[in-house]
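The values are calculated or read from the model by the stated rules, or taken from the named source; none is laboratory data. None of these values were measured; they are calculated from a predicted model. Note that we place each Cβ from the backbone using ideal geometry, even for glycine, and neighbour counts take in every protein chain shown. What goes into the accessible areas is simple: the full protein's heavy atoms, side chains included, and nothing from ligands, DNA or RNA. Shrake-Rupley method; radii C 1.70, N 1.55, O 1.52, S 1.80 Å.
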Amino acid sequence: MQTTAVEINKKEETDFLPLQGTDYVEFYVGNAKQAAHFYKTTFGFQSLAYAGPETGVMDKVSYVVRQNKLTFVLTTPLRTNNAIADHIYKHGDGVKVLALMVNDANDAWHQTTSRGGKTYMEPTILKDKDGEVVLSGIHTYGDTVHLFVERKNYNGVFMPGYRLWETDYNPASTGLLYVDHCVGNVGWNQMNPWVKFYEDVMGFKNILSFDDKDISTEYSALMSKVMSNGNGYVKFPINEPAEGKKKSQVEEFLDFYNGEGVQHVAIATNNIVETVTDLQNRGIDFLKVPASYYDSILDRVGKIDEDLAPLRDLGILIDRDEEGYLLQIFSKPLQDRPTLFFEIIQRKGAKSFGKGNFKALFEALEREQDARGNL
Ligand code: FE2
């Protein structure tokens, strides 16, 4: 009897959408040439691949930059009256594609669309002399999409349509490693429907929830649920605004992005002090919490391996859960609209998201929001 029960359990837990991690993040931007230069100069990405008229792609240009396992694609339209130009007109620069690495893009599409996922791209085989890449995709919140990328039979630089992009200007890496998580901001009362989407369509599980009591300041609030795939390689927290005395930061995002979209990409490092020192020296601005945050921090988080002084000087936040601790910091928005920003995170055992920092952090965010006249 017991064996049968275990077997049934195992069967139920079979992951119908096995993901090997984030393949790349694609941004639609107003000027991909300049954006690629920015990501190389400030964040230390390396030139990898290029697609455009010279490679037979006539309507857009894409630059691919990479740092360790982190790959960004920066795409701009060459003409108006197309989906990319419309996306930028509506949203400003932002994330269009969260591409996920799979072993079988055809199966990923069948599994997700048979469970209610809306097709963005039917399974498509791209071929060149280096082999083939299979792509398929579904829509998620807002105009954001997930592409499933199968590249096991491909040995080229990125994918067919791209050529190697070699440059003489190659700024050093800043130690960024991979995507830790990507957060989506959705509209009022839309968090739970999108949680259900990730559960039903993609087989994710809700691993953490924060209500407006957890994430509120005197003035504004939000709610958040963290969705994770089976092996934990892909994590998508979903935020929605909550009622407060003043406007939620999620609402400000929704106003300026003109709808739902990716709020932040969290990027892992093994040495946050070195990485953030480097990023600040290269001109990246981060949110600052008041110096008083550090007065009692070690009472809250206990002993940590790092010296406190550099963390305080850089404005790096610390939090602890049952499994360890984490160090994190948040950039200011990366474009003029108060929309997308990055988080830099170093995990030292902790698998959570810095709940203990929410209040200090959101107060810092509100000061910025207030300065823009949007609180
Ligand atoms: Fe985060």
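Filtering the stretch 260-271 down to residues that are more than 10 Å from the chain's Cα centre (by Cα) and closer than 13 Å to F43 by Cα, which residue is nearest to the ligand (Cβ to nearest atom)?
A268
Counting only residues that are part of a loop (DSSP other than H, G, I, E, B), within 24 Å of I215 (Cα to Cα) and in contact with a strand residue (DSSP E or B) (Cβ under 7 Å, 6 or more places away or on another chain), how many does the stretch 228-287 have?
Of the residues in the stretch 228-287, 7 are part of a loop (DSSP other than H, G, I, E, B), within 24 Å of I215 (Cα to Cα) and in contact with a strand residue (DSSP E or B) (Cβ under 7 Å, 6 or more places away or on another chain).
Do we find a residue being at pLDDT 95 or above, under 25 Å from Y28 (Cβ atoms) and not hydrophobic (A, V, I, L, M, F, W, C) anywhere in the stretch 309-331?
Yes: the stretch 309-331 contains one or more residues that are at pLDDT 95 or above, under 25 Å from Y28 (Cβ atoms) and not hydrophobic (A, V, I, L, M, F, W, C).
When only residues in the stretch 167-190 that are assigned to a loop (DSSP other than H, G, I, E, B) and over 27 Å from L48 (Cα atoms) count, which is nearest to the ligand (Cβ to nearest atom)?
Top of the filtered list is V186.
Could you please find all residues in the stretch 94-127 being buried (at least 16 other Cβ atoms within 10 Å of the Cβ), in a strand (DSSP E or B) and charged (D, E, K, R)?
If the condition is that a residue be buried (at least 16 other Cβ atoms within 10 Å of the Cβ), in a strand (DSSP E or B) and charged (D, E, K, R), then K96 is the only one that fits.
Looking at G175, G187, which is the one that is within 19 Å of the chain's Cα centre (by Cα), over 28 Å from A350 (Cβ atoms) and either open to solvent by 10 Å² or more (accessible area, probe 1.4 Å) or outside the structural domain of D143 (by TED's automatic domain parsing) (or both)?
G187
With the requirement that a residue be assigned to a helix (DSSP H, G or I) and open to solvent by less than 50 Å² (accessible area, probe 1.4 Å), what does the stretch 191-206 give you?
Hits for the stretch 191-206 are M191, W194, V195, F197, Y198.
Any residue that is on the phi > 0 side of the Ramachandran plot and in contact (Cβ under 8 Å) with a residue 12 or more places away in the chain - is there at least one of those in the stretch 250-259?
Within the stretch 250-259, one or more residues are on the phi > 0 side of the Ramachandran plot and in contact (Cβ under 8 Å) with a residue 12 or more places away in the chain.
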